[in-house]
Amino acid sequence: MTALLESYAQGAWYRAPDEGMPLADATTGETVARLSGTGPDVAGMVDYGRGVGGPALRSLTFHERAAALKSLAKHLNALTAEFHALSHRTGATRRDNAFDVDGGIGSLFSYASKGTRELPDDTVLADGAVERLSRGGTFVGQHVYTSRPGVAVQINAFNFPVWGMLEKFAPAFLAGVPSIVKPASQTAYLTELVVRRIVESGLLPEGALQLLAGPPSGLLDHLGPQDSVAFTGSAETGAKLRAHPAVVHGGVRLGVEADSLNCSVLGPDVTPHDPEFALFADQLVTEMTVKAGQKCTAIRRAIVPDHLAGEVVAAVGERLESVVVGDPAQEGTTMGPLAALDQRTEVRKAVHRLLGSAEAVVGDPERCSPVGADPQRGAFVSPLLLRAEGGADEPHEVEAFGPVSTVIGYRSTQEAVELAARGRGSLVASVVTADPGAARELVAGLAPWHGRILVLDRDDAQESTGHGAPLPVLVHGGPGRAGGGEELGGIRSVVHHMQRTAVQASPDMATAVTGRWTPGARRRDDGVHPFRKSLAELRIGDTVASGRRTVGLEDIGRFAELTGDTFYAHTDPEAAAANPLFGGIVAHGYLVVSMAAGLFVDPVPGPVLANFGVDNLRFLTPVKAGDSIAVTLTAKQITPRANADYGEVRWDAVVDNAEGSPVATYDVLTLVAKERTEA
Ligand code: NDP
């Protein structure tokens, strides 16, 4: 008897009392594993996530969570051979494994890196700048993000059993929200294996990840306003979830990623002799055959200049001839079977509908001769290219979730945009053109209907990551029919799991809440220069206020000579006098900033190791020859770096003139040793 899949619920593996139903190998039809219709206590899982996983995650800072993600990614990376072997049984070829298994682990690495670089070593995230709300400066506004004390339920589709889980899990984890993962039945055995290895690693706090290998029935009934559901699957199930009382009345946040009739548009400028023509055809074939077209991002509609439709069909047909459909584990196979025989039935049904207004021009939906595999036992289909007229409805409405695409002709750029929009919102579009004007017009027209657009040409083709590959750092999700979500997109998808709140307070209270010094808050000058303090000793608000220094005409002349910056406003009194902003010689902004460094720096060797940049530099008031300047430097944010004996300190710098007007403001960025070692 093959293994019965188990759920990881409430800190233990749950095994159903019955034998379950068989899950078939996509190629041979043999049973890979069994899955029961009896699941664990879903209410208990929700409580456990909220009561155990959530508090454990929220006690970690963003950096600690990012470090855990990185360790997990490394751990799983060492186990890919095992995952790849099992993944073949879902119908995935070696190339498909690179998307699902390696791509999933890549998402963990990416979020680990983003979390470390773009989030603070804190549990609260300040959003945007401080808003000054009063004349006296004692009342300010600051938006903050905090982790929701709920669970993130992730209901995944069968096509990406690993990536589908990890791309949703990583942002939720970084946000401090525990996940309950419900994989699709057909390929749940691969998800279960990966979760098993994650649990064994002990790298995640208990309760951060639970697996529901069983029916989701009743799960939503237990969710409330701090919980979310991220669903990928059919539009039909998506619609059911949208209508669920927990969503309609209970405040559960629902993200849906359902059918998406993505398109690729061949630019009006392209001729069959241009490299872009071949790129268009190559990419279409790739998108039709990777994962046997079972990809939410696959190109379903090839929108091409009408006069080129025949040539596009011929070029794609020629390329499809070299596709080797067969056993996905074999080296030479370039396209495996669909995930299950039921899916083949679904694809054939969808093709039947498409044939209502399109004709098959390459391939036969009913026949396939896979290499080294039984065409009856395995869920094989041949790649199928259809051709339709612009007026046809079905290509814009029916998603055949397999290696199926339809070529549609357009007569004007405007018509190309209108055809794309008839998909009513998609995840991704490609624009393949060498003409910048066409690129701008098409992107502007397509963008409101898409979450991502790839502009492909001869210059980026070599390094392009391709139409179908969602990237963790870019938005993955699309408007309208595509569901309206934003599953990926760097930190954007992290904050979807958090609540944004506008906090109105005094600058001191805003500093306390965010852990970041707020202008107007108390400064602390204990007589020790802050550059003499290690990271362990330095406190937010530690300040040095410099003495004054006069900026002489001679200084300005010497700076111009030294740097070669002899711009007339610094060197030519007559021309400078005619300048409406200055009315005379003024100091270089960089001279002011350089002199400010001379005023605030403590020169003796100490814990400050390096200055690695400035942010937000603004020159606010011109400094004229004879003006005096002073600078106040205040520790604004302290971020220790993991695995290093130093961290980053962001300093608020304000340079002012004798009248007290700010002449320059900026953040100075330094690296400071964690501990002080006396020279
Ligand atoms: P489903 O919508 O049936 O299933 C998707 C997930 O939802 C599965 O985990 C499924 O679990 C779960 N589910 C099903 N019913 C419910 C429910 N009432 N409440 C909560 N969860 C539920 O889609 P399929 O995976 O079967 O795919 C069907 C079609 O959907 C494909 O042929 C394709 O056309 C489209 N699809 C589109 C995708 C896209 O992103 N564009 C991705 C995947 C599919 P279980 O498996 O246990 O039923």
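I'd like the full set of residues that are of a type outside the set (Gly, Ala, Ser), touching a Lys or Arg at 6+ places or on another chain (Cβ under 8 Å) and not in a loop (DSSP other than H, G, I, E, B), limited to segment 249-279.
254, 256, 263, 275, 276, 279
Considering each of 486, 463 in turn, give the residue that is in contact with a helix residue (DSSP H, G or I) (Cβ under 9 Å, 6 or more places away or on another chain) and either within 16 Å of the ligand (Cβ to nearest atom) or open to solvent by 20 Å² or more (accessible area, probe 1.4 Å) (or both).
486
Could you tell me how many of the residues in segment 185-204 are touching a helix residue (DSSP H, G or I) at 6+ places or on another chain (Cβ under 8 Å) and part of a loop (DSSP other than H, G, I, E, B)?
2
Suppose we filter 230, 239, 281 for residues that are buried (at least 19 other Cβ atoms within 10 Å of the Cβ), within 16 Å of the ligand (Cβ to nearest atom) and small (Gly, Ala, Ser); which single one remains?
Answer to the check: 230.
If residue 424 meets every condition in (1) under 28 Å from the mean Cα position of the chain (by Cα); (2) surrounded by 17 or more Cβ atoms within 10 Å (Cβ to Cβ) apart from one, which number is that one?
(2)
Just to check your reading of the model, which residue among 458, 481, 440 is open to solvent by 30 Å² or more (accessible area, probe 1.4 Å) and within 15 Å of the ligand (Cβ to nearest atom)?
481
Give the residue that is nearest to the ligand (Cβ to nearest atom), with candidates limited to residues of segment 197-227 that are open to solvent by 30 Å² or more (accessible area, probe 1.4 Å) and farther than 22 Å from residue 12 by Cβ.
By that ranking, first place goes to 221.
Residues 539, 549: which one is under 30 Å from residue 607 (Cβ atoms), loosely packed, with under 15 Cβ neighbours inside 10 Å and at pLDDT 95 or above?
539
Give segment 242-258 a look and list any residue that's in contact with a His (Cβ under 9 Å, 6 or more places away or on another chain) and near the ligand (Cβ under 10 Å from one of its atoms), or say none.
257
Taking the criterion of being under 23 Å from residue 7 (Cβ atoms) and among the charged types (D, E, K, R), would at least one residue in segment 230-247 satisfy it?
Yes, that holds for at least one residue.
Of all the residues that make up segment 576-614, how many are within 40 Å of the chain's Cα centre (by Cα), farther than 22 Å from residue 564 by Cβ and not in a helix (DSSP H, G or I)?
Result for segment 576-614: 9.
Would it be correct to say that residue 367 is open to solvent by 10 Å² or more (accessible area, probe 1.4 Å), of a type in the set (D, E, K, R) and within 16 Å of the ligand (Cβ to nearest atom)?
Answer is no for this residue.
Is there a residue being in contact with a helix residue (DSSP H, G or I) (Cβ under 6 Å, 6 or more places away or on another chain) and open to solvent by 20 Å² or more (accessible area, probe 1.4 Å) anywhere in segment 604-612?
Yes; the residues of segment 604-612 include at least one that is in contact with a helix residue (DSSP H, G or I) (Cβ under 6 Å, 6 or more places away or on another chain) and open to solvent by 20 Å² or more (accessible area, probe 1.4 Å).
Looking at segment 9-109, what strands (runs of 3 or more DSSP E) fall wholly within it and have at least 2 residues that are in contact with a Gly (Cβ under 8 Å, 6 or more places away or on another chain)?
Per the criteria, 31-35.
The values are calculated or read from the model by the stated rules, or taken from the named source; none is laboratory data. Since this is a predicted model, take the numbers as computed values, not measurements. Methodologically, a virtual Cβ is constructed for each residue, glycine included, from the backbone with ideal geometry; neighbour enumeration extends over all protein chains shown. We work out accessible area using only protein heavy atoms, side chains counted, and drop any ligands, DNA or RNA first. Shrake-Rupley method; radii C 1.70, N 1.55, O 1.52, S 1.80 Å.
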